[in-house]
Structure formats: structure tokens, C-alpha cells
1. Answer yes or no as to whether B:Ala82 is under 30 Å from A:Ala256 (Cβ atoms), modelled with pLDDT of 95 or more and in contact with a helix residue (DSSP H, G or I) (Cβ under 7 Å, 6 or more places away or on another chain).
2. Quick one: in segment B:80-119, which of the residues that are in contact (Cβ under 8 Å) with a residue 12 or more places away in the chain and small (Gly, Ala, Ser) is nearest to B:Val202 (Cα to Cα)?
3. Would you check if B:Ala58 is modelled with pLDDT under 95 and either of a type in the set (Ser, Thr, Tyr) or out of contact with any Ser or Thr (no Cβ under 7 Å at 6 or more places or on another chain) (or both)?
4. Does A:Val45 meet the test of being buried (at least 18 other Cβ atoms within 10 Å of the Cβ) and in contact (Cβ under 8 Å) with a residue 24 or more places away in the chain?
5. Suppose the filter is under 30 Å from B:Lys54 (Cα atoms) and under 19 Å from the mean Cα position of the chain (by Cα); does B:Ala176 pass it?
6. From the list B:Asp230, B:Asp211, B:Asp240, B:Asp221, which residue is more than 14 Å from the chain's Cα centre (by Cα), crowded, with 18+ Cβ neighbours inside 10 Å, on the phi < 0 side of the Ramachandran plot and outside the structural domain of B:Val60 (by TED's automatic domain parsing)?
7. Evaluate the following for B:Leu6: is it surrounded by 23 or more Cβ atoms within 10 Å (Cβ to Cβ) and out of contact with any Pro (no Cβ under 8 Å at 6 or more places or on another chain)?
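The values are calculated or read from the model by the stated rules, or taken from the named source; none is laboratory data. Note that the structure is predicted; figures quoted are calculated from it, not measured. Cβ placement follows ideal geometry from the backbone for every residue including glycine, while neighbour counts extend to all protein chains displayed.
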Number of protein chains: 2
Amino acid sequence: MPDDALVEAVTNAGSVVVPTADADALVWIGGPAGFPPLPDTVRWVALATAGIEKFVAAGVFDDRRLWTNASGFYAAGVAEHALALLLAGLRQINTAVLDHWAKERIDPAVRTLRGATVAIVGAGGIGRELTPLLTACGARVIAVNRSGRSVPGADQTLPADRTDEVWALADHVVLAAPATAETQHLINSDTLAKLHPHTWIVNVARGPLIDQTALHRALVDGTIAGAALDVTDPEPLPLDDPLWSLPNVIITPHVANPASGLTREMAPFLAENIRRFEAGEELLAVVTPGAGY
Amino acid sequence: MPDDALVEAVTNAGSVVVPTADADALVWIGGPAGFPPLPDTVRWVALATAGIEKFVAAGVFDDRRLWTNASGFYAAGVAEHALALLLAGLRQINTAVLDHWAKERIDPAVRTLRGATVAIVGAGGIGRELTPLLTACGARVIAVNRSGRSVPGADQTLPADRTDEVWALADHVVLAAPATAETQHLINSDTLAKLHPHTWIVNVARGPLIDQTALHRALVDGTIAGAALDVTDPEPLPLDDPLWSLPNVIITPHVANPASGLTREMAPFLAENIRRFEAGEELLAVVTPGAGY
């Protein structure tokens, strides 16, 4: 079923929507289930998600054509959601919603971003968008990314192999890294022990980055202050999961990049990639399937 | 009972804490109840609150000395809380906290600040702090203040007598005006009718700025999308108030400027005002009691 926003992007880019058998390129907005067999004439597949671990697991990728994902296309929106989650935690909005006018409980628990140090672990597109939001709020940013190449606006950028240094430095942590073998349970009982009793952890990346059993224990024990999660492991998080019952947890149902607005957000990036494809230029967000991102 | 943070500020400014009878200046961190009779030797009274309507009503002010309040001292923190409330509303965090993994309900209701127009009504100190936070998030700001003097970073600044123009222009509204006769029920059934079904109203100013009966009706009818309130009329908001039961309402218990951190936030401004007092310079935040701010 062609999507209106994407058909408009294709048309505005001077291309036409045709059956897959006649296509030079396939735009695929679903998951790996139902992914069609591709004729060799399809030289480019544009996936609509940023995370591609399910496509990797399903063996969808081949090396007979170019593959792009949506890495970075939704970064501004996801960064906004990360800021919303972090501020909601610091400002005790979850507590306020559940416990009416609990001023004596909430007032002393309110925290601020002014003067706080926030670590963004996995600072790619989302991190680049989130950094100026945090610094505008008076926070200092420590970015961690694979290369250690400096993130504009960050006070400090560390390469991923020095991730272990940030836990003690950070007041709060935002996870924005892809789900790979290396990032599996990046937040575990060891790393949680290095964080602070006032720390909020925000996850807008993928659920498996956090060992949820260890997180639950840390939240119950007061090892950290709270967790604000847009992603969980598994999803949906079962309604009897013990995380739901904790007062210092905020869980949104994987809506940092809402499905309802996905193709509208993707459209301008798709149009640009069609222009590049026609011009023989390098595409945005080319996938390296072997690396898992 | 002298407060540690303020005593330190007084001492660091080179002054000493003495009994009121011997004082040149009085620092008063409570409300009007128990305000002491003042000898004429007290030439300056420093109040610790930004809103002074209760002191006005209690007849505390006189014209025999200088009075300052804390106008602007807490502005950065209150602006952060306003941003937290607005983002929590747009990102459906209240719904997510109450209705576990309600993805089908939440996903299509998520909104963004990117490209949105936010009106700050009563753009003084809080508005000046809030404007760069909103523009960092990709919003456009329309400021309304008494003078209409341009607020840095705002796309447009209107004088208060043109407030009525902003309702139709704004996607979202933040109230940051003092409580005066003119701002009483500024949000009423007429102004609500000019707003949009996607509009969130944030109030970090004073409860009486909103006609809560009219607000409740507008929220039930879908005239606007939601309301995120740090202040209510009265406070505490009674636990049987119908606003508590609405899913599109967020109420925090007047903690934008938490009492627990008040004197720590005030201290550097008090130190600066002591320096100015000793030097015979104009003080920060001089009160104009007749105007109510």
C-alpha cells in the first residue's frame, strides 16, 4: 500500500511509483516480515527504520544492491523525546501524575539540568540533535561514540572503548546507541553501581541495552534515582513486569519516533536520496549490514 | 531562623546578620503572616518570593523604605519546569504513566515542538529564560509583555493590550504573567474558544490566571488538547477537583521553584543586592507595590 507522504516525495523528486518488478529502487516501510524477493534490477532498497537488527536477524540484506536505512532521519524528534523524558524525571512529573498534590514528597525531589552533566552514550544523529537542547538548558554534555570524533557542542567526546569512564562523571545518562553485540546490557549491575543516587537514565535507543533485572534492583535499592524508557526488552513490556509498579520509572511505548508521523518525517530525506540516486551521488544512511547499523 | 545559604551570602557580601532592631535591611523568606513591625532604621526589605500579591493584600508594604522581591531570581528554574510540562504534554507522558503501553492511543497523539508556535504570555524574566529553550527545540516564540519591548530570540513581541491576537496564532500557550486584576481569568471561555484542538496550555505563573471551570469544560469538549499546570486556584487543588480525573491534565504541586532549593537559588542575587545597597546603586527587583508586582 503506497504511502501518501512518500508517494508525494517520490513524485516531487521527479520519479514515478511502479511495481517492484519494474523498479530501480524499493522503498520499504514495514519490518522484515513479508519483505519481497527482489529482482536484480532493484539497485537500491530504502528501509524506513533507523534500527535494522531485525532485518539482519531475518537475513534480508544481500550484497547485490545498495541498502539505506533511516539513520538520522528521525533524530530531531527522538532527541526531543529524550529531553522530555529526562525533564519529566527530574521534575517529578510521573510522581505528580500518580500522587495528587504530594508537595512534601515532590518538592525536595525536584532536580534541574542547570549545572548537570549529561552523558549521551551512542552520540550519532540523535546525540548531535540532543546536545544543543541540553546545553540550552544549562547542562554540560559528555558524548560517547565509536570514533571519539568530537560532537559539536559537547564538552567532551570519548570513544566507545572509554565508555566505562563516563558513569562516574555523569549526573544523568541518555542511551542512543544501536543494538549490537557490544551494546547488549551496556547498563548492568556493574555500570549501575558506578552511577549516582541522583542519576536518571533515559533510553531512547533499544531495550536490550539495559539489563532490566539489574535496573529494577538498582531502582528499588536507590542506587540511581530513576529511569525513563521509551524502549524495553521485550516490547510491549508485559503488563505484569515489575518495572511498571515502581514510582521512579517512566515508560513510553516506543513513540519517540511515532509510527503515525513516520513517513511524513522520512519524506524529505527520501526525496534527497532519490535526487542523489539519480545523480549517482553517495546516498544518505547507507547500511553496513555486517556491522549491524 | 536564619537560613544557612542566605547567611553565607550575607557574610560573603561583607555584611553581618543582626537582630531586626539593629538592622539596615531585613531579608524575609516567609509569607506575610508573622511579618514583623519594622523600625525606621530598616531601609530595605528583601522578600524571597517573586509573586507579592499576598503581601499586597496583607498591607505589608509601606513607602518608608525600599522593597525588593525575587522577581527574576528563580526564572531559569521556572522556565525549565515550563519546558518540562509542555514537553510532557506534547509527548503524552501523563498518558503513558497512567495507561501502560497504550501505544495505539499514545502514538497518534504525540506532538512536537519543531515548527510549533508557542506564545509566552507575560514574558518577563521567565519568558527571557524560556525563549531560548523553546527555539532550541525548533519552536517559534511569540512573547507578550506589558511594554511590547522585544524579547531576545522571540519571533514577535506584542504589548499586553494586544494579547487577544495571540490565541489564534499560537499552537501552545505558556502563562508567566503576575497575578493582577488585569490577568485574572485571562484564560476564560472566550479565549479558550480561540485556541486550537491541538493546543496545550502551561501555567507556571498563578492559578487565578485561568478560569478553571471554563478550562475543565474546554478539556472535556476537546476545545484544546491539554493543560499542564504548576499552579491552581486554590492551592492545594482539592483532591475531589474534577481536573484531577481528566487524562489530558498534568498538575505539579507548585514546585517549578521548589521551596527546598529556594534560598540556594536566591543567595547569589541577595549577595549582589547587598553589594549594590552598600554602594548606593539601584537594587535588582525593586517592587512597585501599587502595581502588584
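1. When the stated conditions are applied, B:Ala82 passes them.
2. My answer is B:Ala82.
3. Yes, satisfied.
4. No; evaluated as a whole, the condition is false for this residue.
5. Yes; evaluated as a whole, the condition is true for this residue.
6. After applying the criteria, what remains is B:Asp211.
7. When the stated conditions are applied, B:Leu6 does not pass them.
The rows are residues; the columns are (1) closer than 30 Å to B:Val286 by Cβ; (2) surrounded by 21 or more Cβ atoms within 10 Å (Cβ to Cβ); (3) among the charged types (D, E, K, R); (4) at pLDDT 95 or above.
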| position | (1), (2), (3), (4) |
| --- | --- |
| B:Gly72 | yes, no, no, no |
| B:Asn94 | no, yes, no, yes |
| B:Leu113 | no, yes, no, yes |
| B:Thr117 | no, no, no, yes |
| B:Glu129 | yes, yes, yes, yes |
| B:Pro159 | yes, no, no, yes |
| B:Val166 | yes, yes, no, yes |
